[in-house]
Every structure is written in C-alpha cells, then in structure tokens.
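Novice: First the structure, which I've put down as structure tokens, then a few questions once you've had a look.
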Amino acid sequence: MMKWPPIHVARPNLPPLAQVLPFLEEIWDSRMLSNNGPLLNRFESALAEYLGVEHISMVANGTLGIVLALKQAGITSGEVITTPFSFVATAHAIKLAGATPVFADIDPSTLNLDPAQVEAAITPQTRAILPVHVFGTPCDVEGLEDVATRNGLKIIYDAAHSFGVHRDGQSVLRHGDMSVLSFHATKVFNTFEGGAVVAPDRATKLAIDQLANFGIADGLGVDDIGINAKMHEFSAAVGLAQLCEIETVLDARAVIAQRYQDHLGDIHGLRCVSPTGVSGHNHYAFPILLGPDCHVDRETLFARLSAENIFARRYFYPLITNFAPYNTLPSADPTLLPVASRTADEVLCLPMFFDLDEASQDRIIEQVLIQ
C-alpha cells in the first residue's frame, strides 16, 4: 500500500530566490561578511520599523539573545522564575547566564506563566522573571509586571514565538525590560538562524551590541566579558527578503488556523488553544488539548497521525522539569505544577505552515475526527 507524502509539523518559509540574489551580490561586492555589515544595518532598521519598536539588536540566535539580555540586566546569579512549559532553551539560557531557574505553574487558559504562581515562588534570591509568550499568545503582561514592580524584579520576555504579535494595537515586544525574538528556521519569520533583542533605550541596545561582540568597546578596549553572538550578513540578506513576504505568510497562516478551528472547534473535550479571528496574532502553531472527555486521547491520535505519515508534535512534552539538568530542583516537583503537567500530557501541535494546502489539511482533520 502506497503511503501519502509526509506532512511535517512545520516547514520553513523561504523567500523567492530572485529576491535574495541581489543581496548576495552586494555581499560578494563588499566582501563584508560579519561585524556590523551594511546589510545588517539595513535589516535592523527595517525590522525595527516593521515591528514598531525603536531599539533592536540583531544576534546569532534567540538563546544567545536571552543570555545577553540577562547579563546586561545584571542577572548573573540568584534565581529567575520561568515556565516549565517551553522549549528547554529558555531554562538553559538562565543557567548559561549564571542564574538558577525556578519554575512556576501556568495559566490554564493562555498556557503562559500565572502571575499568582510567580508571586508565590519569589524568594530573597529572586532576581528576575523570564516569561514566555507561548505559541505567540501574549502573557498577562499587566499581572506579571505588577508582580515584578512590587518586588523589585527585572522582567525579560522570551518572545521566540511572537514575531509580529500585537496586543491592544501595539507590539507585545514593548513590554518588560527586554524581549527576545528567535528567527530559527521553524519560526514564523526566519533568517535560517538568528534572533533579536528588543531594548527599551539606546544605551541598552548598545550594551547588547557590545556584549554580542566579545565585549569590545572600541578598536582597542574590552570593557566586559562578551561572546560572539553577532548576526552575519547572509542571515541579514535572508531577513530583508523575508520582510517583503511576511504579510502574505501571516495572512496564509490565519486562513489555515481558521479552517482548523471551523472543523475542530466544536469537538467535545478538544480545545483549540490559539485564538482565531483575533487581530495581531501570528499563528505560530496550532496546538490542541485532548482532555479526558475527548473521543480520542493524545497518544492514540499521535500514533494514528504518524501511521498516516503526518508528523504532529507533542509540544511541550516532556516539561523542562522532567529533563536531567532540572528534575532535581525543588520547583520541579510535579505536585507544584498541576496545570503544566496536565497540559503536557494533553497537548498536540498539528502541522502549521504558510503553504499547507487544503488537501493536506483535510487529511489531518479527517484523522482527528475519527471516532
């Protein structure tokens, strides 16, 4: 029996090659490959304008961006409260910066950090909060920032999923002390690899730039211990070309998400997590939660889809707190994380990418509907 062609959970968006080639010719002409080249400067300016932010630093990837943001904020020791329901890089960045992650439970509606649980996790060693806008759904920024302000804490947002996301008509990246984007291949907007740190002012932006270039202050002096986290000219070229197509990509993702919602939204015991028909969402993923009353459990559906060459993802499962570097921390105790633990056992991200055609989507929907 012949199998259907595979449908992967994500498929990178690539701009038309014809739009990239002129930028590559500029690189070949200039022989500038890195170190704050002309394309990077253009990309940085264009991206800031598109995102509606004033100060942004381009970096090699989102993980390094979080490390740099924490270091610039002085968070190189103590505790940082974060979510267990994220990609492991969130916690790794805290450790790499020199601090210790403390995990708090999530809100059952948004799947983001619950401000009340964050406040309950604060100790005298707490220095900062690192929330994640999971699946591009904005956190309760007012609640989290109220907690941070009253307790004298920094707040840095892991905005890896949040390219182009708006809340109340403004970029979600404007909140907190800093926000960090990822431009990894699987993201809504990619530069193959890359990322950015959104800063509140020019001084912070320049400090991030310096840390991303080994801490070099000028041609001779080194003021701090930095790392090599610079974005190179090729990634900037891809980013400039991607910006020309991003509105088409976002519109296509919204149509796909709405079609999933229309077919699956009324199934008893199944919840479609990401909002549809809402201005400002980027539909980074299409997660569903398969509760105990649903006609099919998560593991059965995952296996059924796999057998049909459809590769959904149990995302985020396991929780970060299940992994060896973190499972012995007191805050990793599953009894302290009931919502996150339940969500990890129920979540399944269906394939979502801008050119997912209707026939492929019908194949996916059909498998979910089987009783």
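Novice: Could you state the accessible area per residue of the chain in Å², with a 1.4 Å probe and every protein chain left in place?
Specialist: On the way: 16040 Å² over 371 residues.
Solvent-accessible surface per residue comes out at 43 Å².
Novice: May I ask you to evaluate 6.51 cos²θ - 1.76 cosθ + 1.60, the Karplus curve with θ = phi - 60°, for each residue of region 164-173 and list the ³J(HN,Hα) values in order in whole Hz, giving x for glycine and proline?
Specialist: x, 7, 10, 9, 6, x, 10, 4, 5, 6
Novice: Another question, if that's okay. What dipole magnitude, in Debye to the nearest 20, does the chain give about its Cα centre under +1 on Lys/Arg Cβ and -1 on Asp/Glu Cβ? Show your work: numbers first, answer last.
Specialist: Working: 24 positive and 42 negative charges, 128 e Å.
Dipole size: approximately 620 debye.
Novice: Just check region 324-365 against the gyration tensor rule for me: Cα atoms, a ≥ b ≥ c as the square roots of the eigenvalues, rounded for a/c under 1.5, and otherwise prolate or oblate depending on whether a/b exceeds b/c. It would help to have the intermediate numbers written out before the result.
Specialist: Working: a/c = 5.45, a/b = 3.05, b/c = 1.79.
Judged from the Cα gyration tensor, region 324-365 comes out prolate (a/c at least 1.5, a/b above b/c).
Novice: When the accessible area of region 267-371 is computed with all protein chains present and a 1.4 Å probe, what percentage of it is carbon and sulfur? Could you put the intermediate results ahead of the total?
Specialist: Working: 2490 of 4580 Å².
Of all accessible area on region 267-371, carbon and sulfur atoms account for 54 percent.
Novice: What is the sum of charges, Lys and Arg at +1 and Asp and Glu at -1, for the other residues whose Cβ falls under 14 Å from the Cβ of Gln361?
Specialist: On the way: positive: Arg11, Arg253, Arg259, Arg363; negative: Asp262, Glu308, Asp355, Asp357, Glu358, Asp362, Glu366.
Combined, the nearby Lys, Arg, Asp and Glu give -3.
Novice: Now, a different point. Counting Lys and Arg as +1 and Asp and Glu as -1, what is the net charge of the other residues whose Cβ lies under 11 Å from the Cβ of Pro200?
Specialist: Surrounding charge for Pro200 is 0.
Novice: Given a 1.4 angstrom probe, I'd like the percentage of the accessible area of region 40-176 that is carbon and sulfur, rounded to a whole number.
Specialist: Details: 2200 of 4620 Å².
Taking all protein chains in place, region 40-176 shows 48 percent carbon and sulfur surface.
Novice: Something else now. Please work out whether region 146-235 counts as rounded, prolate or oblate from its C-alpha gyration tensor, where a ≥ b ≥ c are the square roots of the eigenvalues and a/c under 1.5 means rounded, while otherwise a/b larger than b/c means prolate and anything else oblate?
Specialist: Taking the square roots of the gyration eigenvalues as a ≥ b ≥ c, region 146-235 is oblate.
Novice: Next up: Give me the one-decimal nm value for the distance between modelled label points at Asp223 and Val255, 7 Å along each residue's Cα-to-Cβ direction.
Specialist: Between Asp223 and Val255, the simple spin-label model gives 5.0 nm.
Novice: For region 224-371, what class follows from the C-alpha gyration tensor (a ≥ b ≥ c being the square roots of its eigenvalues): rounded when a/c is under 1.5, otherwise prolate if a/b is larger than b/c, else oblate?
Specialist: Working: a/c = 2.10, a/b = 1.09, b/c = 1.92.
In terms of gyration-tensor shape, oblate.
Novice: Sorted by packing (mean other beta-carbon atoms within 10 Å per residue), highest first, where do 81-93, 273-285 land? Before the final figure, lay out each step's value.
Specialist: Values: 81-93: 24.7, 273-285: 19.1.
Going by the mean number of other Cβ atoms within 10 Å, highest first, we get 81-93, 273-285.
Novice: I want to make sure I understand the PRE zone here: with the label point 7 angstrom from the Cα of His268 toward its beta carbon, which residues in region 289-310 have backbone N atoms less than 12 Å away?
Specialist: Output list for this probe position: 293-296.
Novice: Further question on the same structure: Got a number for the accessible area of Arg342? Probe 1.4 Å, square angstrom, nearest 10.
Specialist: 120 Å²
Novice: Still on this model: Within region 102-218, what percent of beta bridges assigned by DSSP are antiparallel, to the nearest 5?
Specialist: Working: 7 of 13 bridges.
Of all bridge pairs located within region 102-218, approximately 55 percent are antiparallel.
Novice: Compute the distance from the alpha-carbon center of region 318-343 to that of region 1-71, in whole Å.
Specialist: If we compute the Cα centre of each part, the gap is 33 Å.
Novice: Something else now. Determine the relative contact order of the chain: mean sequence separation of Cα pairs under 8 Å and six or more apart, normalised by residue count, in whole percent.
Specialist: Details: 748 pairs, mean separation 82.0, N = 371.
Rounded, it is 22 percent for the chain.
Novice: Among DSSP bridges having both ends in the chain, what percentage is antiparallel? Round to the nearest 5. Could the numbers behind the result be given before it?
Specialist: Values: 23 of 39 bridges.
Roughly 60 percent of the DSSP beta bridges within the chain come out antiparallel.
Novice: On a 1.4 Å probe surface of the protein chains, which of His184, His268, His8 comes out largest in accessible area, and what is the full order?
Specialist: Numbers: His184 65, His268 130, His8 100 Å².
So, going from the largest accessible area down, we get His268, His8, His184.
Novice: With every protein chain kept in the model, how would you rank Tyr317, Tyr50, Tyr157 by accessible area, 1.4 Å probe, largest at the top? Don't jump to the answer; show the numbers that get you there.
Specialist: Values: Tyr317 100, Tyr50 70, Tyr157 0 Å².
My answer, sorted largest first, is Tyr317, Tyr50, Tyr157.
Novice: Sort Ser57, Ser306 by accessible area with a 1.4 Å probe, largest first. Numbers along the way, then the final one.
Specialist: Values: Ser57 0, Ser306 40 Å².
The ordering from most to least exposed comes out as Ser306, Ser57.
The values are calculated or read from the model by the stated rules, or taken from the named source; none is laboratory data. This structure is a prediction, so every number in the text was calculated from the model and none was measured. Note: ideal-geometry Cβ built from the backbone for every residue, glycine included; neighbour counts use all protein chains shown. In case anyone asks, the SASA skips ligands and DNA or RNA and just uses the protein heavy atoms, side chains included. Shrake-Rupley method; radii C 1.70, N 1.55, O 1.52, S 1.80 Å.
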